[in-house]
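The values are calculated or read from the model by the stated rules, or taken from the named source; none is laboratory data. Bear in mind the structure is a predicted one, so any value in this text is a computation, not a measurement. Cβ placement follows ideal geometry from the backbone for every residue including glycine, while neighbour counts extend to all protein chains displayed.
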Amino acid sequence: MNLATSVLAGERLALARLLSKVENNTQEGLATLNELFPHTGRAHLVGVTGAPGTGKSSLVNQLAYFFRHPPEEQTSRTVAIIAVDPSSPFTGGAILGDRVRMQDLAGDQGVFIRSMAARGSLGGLASATASLVQIFDAAGYEIIFIETVGAGQAEVDIARLAHSTIVVEAPGLGDEIQSIKAGILEIADILVVNKADRPGVESTERALRNMLQLGHPITYSQKQSRSSEKVDLLQPQTGSPLWIPPVLCTVATQGDGVSELVKAIFDHRQYLHDTGQWEQKERNRLKNELDNLLRENLVARWRATIQKSDYQHVLDSLVARRISPHQAVVNLLDGSSPGQS
Ligand SMILES: Nc1nc2c(ncn2[C@@H]2O[C@H](COP(=O)(O)OP(=O)(O)OP(=O)(O)O)[C@@H](O)[C@H]2O)c(=O)[nH]1
Ligand SMILES: [Mg+2]
């Protein structure tokens, strides 16, 4: 049996082998990815992001446990977890902490956990993550969590991979909510105030709701004034119902609020399907990946064609301010020497 067939058959050892091959950019890994791609597109991708130490891993662990052991009327689902660069310099020792908590899930064949180092892979972190997602998707994992730390561009790019994005806050991170400033609100489908057992939950919750209200001023006041009725708020542009990110409180260490969070995840998926946004997201996601890879490959291909010394020469001219950055690009792409353009 070849590697792709074994992965499709759900063999965990084959899956682990493939993950390493792909992370190391091997030819076999790439070829297997190509073979698996037609089998992808079924999983629900859930991004979990937020400042260091807010409890993302603890929460994902609880969510995974819930999906594996749901209340009787629900079916259990298989779960893959990708932790992108989990060893945050701020909290340190996070991997060990994660491992300890992950014991709840150890030995469960329906769960696969993978940490991903941020080391340079072709196409950058987002495209490396996309490859891992494809493997889990093809292998039949129904829910794939992607945990990222912080709210930088890399996290936003990775969040774009997900169908549903959960942003995790915790009380006491300062009066200002850090991640909001970085525009994280735009990517949040569900907001969570974790560590709700700590003081300051209400003010964090209130701050988040206020931020949301700024983002959706009209829709929010409508919703609040008619809170007893079920109102369908419509998007001005498309006329389809609007999704207003719920703000939920959890205590990840105890599992409090996890069933509500699961419900919000399912609701969001239903919303995406009902409004046709699932297909739209799939298209955007693949367009993003295509464009990323195209950019990387074009640059790599071009770099292979030019002399290092020519590049240095242009850079020197740029630093000496004989040419502008735009002129430098023209020089490099056209192969003319500095000063000619
Ligand atoms: N009191 C309290 N502590 C919590 C809660 N959730 C997580 N913690 C603790 O907070 C610490 C950080 O939790 P993690 O789950 O590792 O947080 P994280 O966001 O994944 O951390 P990084 O990946 O390093 O950014 C751990 O010591 C947890 O036990 C909670 O709801 N209440
Ligand atoms: Mg973590």
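For the reader, a short list of remarks on this structure follows.
- Among residues of the range 30-87, those that are in a loop (DSSP other than H, G, I, E, B) and more than 28 Å from LEU286 (Cβ to Cβ), counted: 14
- Among (1) closer than 13 Å to VAL133 by Cα; (2) assigned to a helix (DSSP H, G or I) - the single one THR5 does not satisfy: (1)
- Residue that is nearest to ASN194 (Cα to Cα), among those in the range 9-52 that are touching a Leu at 6+ places or on another chain (Cβ under 8 Å), more than 16 Å from ligand 1 (Cβ to nearest atom) and among the small types (Gly, Ala, Ser): ALA14
- Residue in the range 53-67 that is surrounded by 15 or more Cβ atoms within 10 Å (Cβ to Cβ) and more than 16 Å from ligand 1 (Cβ to nearest atom) present: yes
- Among the conditions (1) modelled with pLDDT of 85 or more; (2) more than 30 Å from GLN134 (Cβ to Cβ); (3) basic (Lys, Arg), LYS287 misses just one, which is (2).
- Pairs, first modelled with pLDDT under 95 in the range 21-42, second in a loop (DSSP other than H, G, I, E, B), C-beta under 6 Å, six or more apart: ASN25/LEU122
- If you check GLY92, GLY140, GLY110 for being modelled with pLDDT under 85 and either crowded, with 17+ Cβ neighbours inside 10 Å or not hydrophobic (A, V, I, L, M, F, W, C) (or both), only one passes: GLY92.
- ASP274 vs. criteria out of contact with any Ser or Thr (no Cβ under 7 Å at 6 or more places or on another chain), surrounded by 14 or more Cβ atoms within 10 Å (Cβ to Cβ) and part of a helix (DSSP H, G or I): no
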